[in-house]
Amino acid sequence: GFVPGPPSEGADLVYLCSPNNPTGAVASRENLASWVAWAREHSAVIVFDAAYDAFIRDASLPRSIYEIDGARIPPPVEEVDEVGPGGTRVVARFDDATGAAAAEIRHAGGFARYELWVRPEAEASWQFRPTGVWLRDGLELRLAAGTMGIAAAANDEIRASHSLGITVVFIATFVIIVLSYRSLWVGVLLIVSLGTAALAAMAVQSIANIGVNVNTLPVQAIGVGIGVDYAIYIVDRILQERAAGFSKDEAISRGIRTTGLAIAFTASTLVAGIIFWIPISSMRFSAEMSLLLSVLMVVNALGAILLVPALLRLFPDRLLQRAKRLT
């Protein structure tokens, strides 16, 4: 997208937003370097808005103007990435003017919260602080206000209620399946398949360090909706073949050859439409959602084609014959 360059004339104050809202254009290092050079030449102040830096996935693109040589940071803040005490990752360090008092932002990875650790004096030990005054001049860290503060508060609530929300979705799905098939065992079978896919998606989230927030929360619900469809298709077909007089093994085999093939085709078509966002999208949100949805679709399809028939094969024949979907 279009990214403006510095003007020929001077100015007192310039506002830059990268990635830009709403175009999504990201300034290159060369572009920001030209702005820094221009600001130094004209004694101008650059206000750099990096509120959407988390959406940048291309490592060659700068996430902050402070990555450019010559850009000055008014407070002594240092962006770091190193291993701290207990295996935590130090992502930022703050020092006061004397260099004695300091603070670090640490993160244990995965779904852990960011933590503030302070050192009141040069020789003092590091102390954990949820918030509060930590420098001599009275600087205080509190929840941000405005749009970013609201987003941070919403993400905190989502993380706190995530497990409860997923549990409610699974219970509701289980009850509907049991009522539809009049079989407790079919409900258990389908929930096992859905749970496998959900665990796989959460494992990918943890490995890829994708947080639980307002953007990623709906993905699990979408995964349950897609997964239960696939599982119902295969169970319905097997029950129909069994009712037609085929043995249990023959019914399962015919279900996999027919409906299983249709599930594989549908899932591969859906995944093919989004999987390329992972390597080519420069927007982190698009790439992460593509990754999670792809994992959910693939694991749910494999569960419906492989896991569900295998578990049905272990069912006593009398339980399989009792299951009958309400129409």
ask   = Phe265 to Trp126: extension gain in nm, 0.36 nm per residue of separation minus the Cα-Cα distance?
value = 44.4 nm
task = Apply 1/(1 + (r/R0)^6) to the Cβ-Cβ distance of Ala243 and Leu13, taking R0 = 56 Å, and write down the FRET efficiency to the nearest 0.05.
result = 0.15
ask   = At q = 0.15, 0.20, 0.23, 0.33 Å⁻¹, what base-10 log of I(q)/I(0) does the Debye formula yield for region 1-46 when every alpha carbon is treated as an equal point scatterer in vacuo?
value = -0.37, -0.63, -0.80, -1.24
query = Length gain on complete extension for the stretch Thr167 to Val3, per 0.36 nm per residue less the alpha carbon to alpha carbon distance?
reply = 54.5 nm
key: Relative contact order for region 194-327, counting Cα pairs under 8 Å that sit 6 or more residues apart, in percent   = 38
task = Find how many whole Å separate the alpha carbon centroid of region 1-74 from the alpha carbon centroid of region 260-297.
result = 33
key: Theoretical gain in end-to-end length, Leu314 to Ala44 [0.36 nm per residue, Cα-Cα removed]   = 89.8 nm
inquiry  = Along the Cα→Cβ direction, 7 angstrom out, place labels at Leu306 and Ile176. What is the inter-label distance in nm?
reply    = 2.7
query = For region 182-278, what Kirkwood radius comes out of the mean inverse Cα-Cα distance, in Å?
reply = 15.3
message = Could you check the spin-label model distance between Phe276 and Leu184? Points 7 Å from the Cα along Cα→Cβ, value in nm.
response = 5.0
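Since every read-out is calculated from the coordinates, none of them should be taken as a lab result. In this text, all values refer to a predicted model and were calculated from it rather than measured experimentally. Positions of Cβ are backbone-derived with ideal geometry, glycine not excepted, and every protein chain shown enters the neighbour counts.
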